[in-house]
Amino acid sequence: MSDLRDLYQEIILDHGKRPRNHRAIDGGARKAEGANPLCGDRVRVYVKLEGDVIADASFLGSGCAISTASASLMTDSLKGKTTDEAKKLLRAFVDLVKGLEISPRERDDLGKLASLSGVCAYPVRVKCATLAWHTLLAALEARPDPVTTE
Ligand code: ZN
């Protein structure tokens, strides 16, 4: 178990320090803003849809290592998924970081995102881990108001 924890730690540190997809998407992308005032995390999530499929996803923002790693891993995992698949992934991820039971299938789907499972031991950090996801949902549903975790 501790090997797995070390691996998870490595993934979070790597994505926290060198976030993937940390850029804007110009032209035709949906976007939404989110903030977690408790920690000071801020994020803007971009999704570009082709029909119902997420062709590209990215984010900009600043925050703690957990929020950055979560946004980085999230945007990496979204490309090629349908919006329904993305919403399923969101539900599985939120359950995971809240420490709720998820199915082996859901765990498979989450892949590297499972590295954030340790967050469930730190309730304050759950908001850091889920911020990008709630913001993604707002972008997919084209909701105009900024997302806040408070
Ligand atoms: Zn945070």
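Carbon-plus-sulfur accessible fraction, the chain (probe radius 1.4 Å, protein heavy atoms only): 51%. Using only protein heavy atoms and a 1.4 Å probe, report how much of residue 18 is accessible, in Å² to the nearest 10. Here the accessible area works out near 150 Å². In terms of the mean number of neighbouring beta-carbon atoms within 10 Å, the peptides 70-82, 32-44 order highest first as 70-82, 32-44. Every helix of 4 or more DSSP H residues in the chain counts as -39500 (n - 2.57), and over all residues that averages to -15000 deg cm²/dmol at 222 nm. Rg and Dmax of the stretch 4-92, based on Cα coordinates, read 13.3, 40 Å.
Considering only alpha-carbon pairs that sit under 8 angstrom and 6 or more positions apart, the relative contact order computed for the chain is 31 percent. If you run the Gaussian network model on the chain, springs between alpha carbon atoms under 10 Å, then out of 45, 97, 124 the most flexible one is 124.
Our note on the geometry: Cα centres of the stretch 114-130 and the stretch 43-58, 24 Å apart. Alpha-carbon geometry of the chain: the Rg and the Dmax are 14.2, 45 Å, given in that order. Cα-Cα over 20 Å: which of 17/88; 79/127; 81/112; 48/79? Beyond 20 Å between Cα atoms: 17/88; 79/127. Axis angle, to the nearest 10 degrees, between helix 123-140 and the longest C-alpha principal axis of the chain: 30 degrees. Given axes a ≥ b ≥ c from the Cα gyration tensor, I'd like to know whether the stretch 8-59 is rounded (a/c under 1.5), prolate (a/b larger than b/c) or oblate. Oblate. Taking Cα atoms only, the orientation of helix 2-17 departs from the longest principal axis of the chain by about 30 degrees. Give the long-range amide H neighbours of residue 81: residues separated by 5 or more places, or on another chain, with amide H under 5 Å away, using H modelled in the peptide plane at 1.01 Å from N. Under 5 Å from the amide H of residue 81: 54.
For the chain, the solvent-accessible area of protein heavy atoms averages 53 Å² per residue (probe radius 1.4 Å; ligands and nucleic acids excluded).
The values are calculated or read from the model by the stated rules, or taken from the named source; none is laboratory data. The structure displayed is predicted, hence computed values, not measured ones. All Cβ positions, glycine included, derive from the backbone under ideal geometry; neighbour counts span all protein chains shown. Accessible surface areas use protein heavy atoms only, side chains included; no ligands, DNA or RNA. Shrake-Rupley method; radii C 1.70, N 1.55, O 1.52, S 1.80 Å.
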